[in-house]
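**Student:** Have a look at the structure that comes next, please.
The values are calculated or read from the model by the stated rules, or taken from the named source; none is laboratory data. What you see is a predicted model, and the numbers here were worked out from it, not measured in a lab. Don't worry about glycine lacking a Cβ; one is built from the backbone with ideal geometry, like all the others, and counts go over all protein chains shown.
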Amino acid sequence: MTVDVQTALRSPKSYELARTALEAMEAHQVWPTVRNFELWVHYVTEKEGALAIEIDRLLAAGEPITESLGEALAAQYLPAARLNGDILEAGDVLSKELQSVTAAIENAQRSSEVYGQELATATERLGAEHAGPMKEVVRTLTAATRKVQGEAAVLENRLAETTAELSRLRENLDQVRKDAMTDGLTNLANRKAVDERLDAACEQAEADGLAMTLAIIDIDHFKGFNDTWGHQIGDQVLRYVASVIGRMGAPPRLAARYGGEEFAIIFPAENGRAAMAALEEIRQEVSSRALKRRSTNEDLGTITVSAGYAERLAGESTVSLVERADAALYASKHAGRNRTTAAQPMAAVAAA
């Protein structure tokens with residue numbers, strides 16, 4: 001949030017501001033999620049700001065502020081959302097540094113133990129084999145060794161405590177990264193996770209000479225369904241479809257919400273036939289269920305999904321793979337929806 005909004009929320013008028021934001025959300029049938037509340041607090045606080053101007057334009061055009069549109073507005077206009085990618089990258093670097101430091105500390109502990117054992121053994125041998133002046137040297141060395149060992153024990157305890165703290169910090173960073181790579185509505189991976197994993201999967205497939213397939217899935221006529229039944233029911237539909245896709249996209253596959261009502265599955269080391277089988281199972285399961293409103297048991301009808309997939313070609317870039325999968329999805333839509341289409345092969349593909 002900007003400083004102005006933070007100041008407003010900490011002022012005596014904060015409750016009034018919150019009520020105004022919630023009333024505006026209710027008036028425009030915006031579901032009161034945490035992200036939407038943040039958007040509308042900005043909207044009512046900074047009426048001359050870029051976010052408020054854009055929301056006013058959308059409202060004037062009759063555009064409903066859906067969950068996906070709210071996410072897009074947050075990514076564009078909210079500072080925290082814009083900084084999210086930078087925070088993730090910084091966290092990655094810090095996590096790697098913590099791993100390096102932890103390894104160095106553990107090595108130092110092992111080296112200290114070995115040194116103490118070897119020095120003690122050498123002291124015993126010298127004491128046994130020499131007499132006279134050499135004994136005095138041995139006594140001096142022994143005393144010094146014991147002092148060093150005592151100090152080393154204290155240091156090792158402190159290093160052990162530091163190592164444990166670093167491990168806890170690394171776990172926290174890993175959790176932050178996991179949260180930032182997860183879609184809040186469906187609990188699937190998000191677009192950033194897809195982009196990162198897809199690049200890695202393409203590189204691995206190229207290096208190993210193995211197949212790799214990308215699929216893109218879209219809920220048919222979702223906007224009309226959302227407009228008819230409301231955003232709350234629309235979100236429930238998104239969660240339901242995500243649960244089906246998530247089961248078929250379990251690791252080592254990656255299932256993700258690609259954006260709005262679009263989903264993606266990465267099939268590492270799997271060819272188009274395997275992807276086709278999984279996508280058809282998803283499509284048939286989704287279309288076989290009659291949906292009902294939980295509160296009233298009202299019949300909502302059925303929904304369907306369309307899908308397109310592309311098996312990566314040797315030397316094909318990530319951009320080209322996404323374009324072919326997207327074109328296959330468009331072909332499914334154009335052919336009547338509720339179907340799965342394979343991407344067309346390319347005559348020649350430029351290396352990434």
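**Student:** Given ILE265, ILE219, ILE245, which one is touching a Phe, Trp or Tyr at 6+ places or on another chain (Cβ under 6 Å) and closer than 17 Å to SER332 by Cβ?
**Tutor:** ILE245
**Student:** When you scan region 309-331, do you find a residue that is in contact with a Gly (Cβ under 8 Å, 6 or more places away or on another chain), surrounded by fewer than 18 Cβ atoms within 10 Å (Cβ to Cβ), among the hydrophobic types (A, V, I, L, M, F, W, C) and not assigned by TED's automatic domain parsing to the domain that holds ILE233, even just one?
**Tutor:** Checked region 309-331: no residue is in contact with a Gly (Cβ under 8 Å, 6 or more places away or on another chain), surrounded by fewer than 18 Cβ atoms within 10 Å (Cβ to Cβ), among the hydrophobic types (A, V, I, L, M, F, W, C) and not assigned by TED's automatic domain parsing to the domain that holds ILE233.
**Student:** Of all residues in region 207-247 being of a type in the set (S, T, N, Q) and at pLDDT 95 or above, which is nearest to SER68 (Cα to Cα)?
**Tutor:** SER243
**Student:** Among the residues of region 249-264, is there at least one that is free of Cβ contacts under 8 Å to residues at least 24 places away in the same chain and within 30 Å of MET25 (Cβ to Cβ)?
**Tutor:** No, every residue in region 249-264 fails to be free of Cβ contacts under 8 Å to residues at least 24 places away in the same chain and within 30 Å of MET25 (Cβ to Cβ).
**Student:** Looking at region 47-62 only, could you name the residues that are modelled with pLDDT of 85 or more and either of a type outside the set (Gly, Ala, Ser) or not assigned by TED's automatic domain parsing to the domain that holds ALA27 (or both)?
**Tutor:** LEU51, ILE53, GLU54, ILE55, ASP56, ARG57, LEU58, LEU59
**Student:** Let me ask something additional. Quick test of your reading of the structure: ALA207 fulfils all but one of (1) within 19 Å of the chain's Cα centre (by Cα); (2) over 30 Å from ARG294 (Cβ atoms); (3) in a helix (DSSP H, G or I). Name the failing condition by number.
**Tutor:** (1)
**Student:** Suppose the filter is under 17 Å from ARG324 (Cβ atoms) and either outside any helix (DSSP H, G or I) or touching a Lys or Arg at 6+ places or on another chain (Cβ under 8 Å) (or both); does LEU300 pass it?
**Tutor:** Taking the combined requirement at face value, the residue does not satisfy it.
**Student:** Okay, moving on. State whether one or more residues within region 281-296 are in contact (Cβ under 8 Å) with a residue 60 or more places away in the chain, among the aliphatic types (A, V, I, L, M) and assigned to a helix (DSSP H, G or I).
**Tutor:** For region 281-296, residues in contact (Cβ under 8 Å) with a residue 60 or more places away in the chain, among the aliphatic types (A, V, I, L, M) and assigned to a helix (DSSP H, G or I): present.
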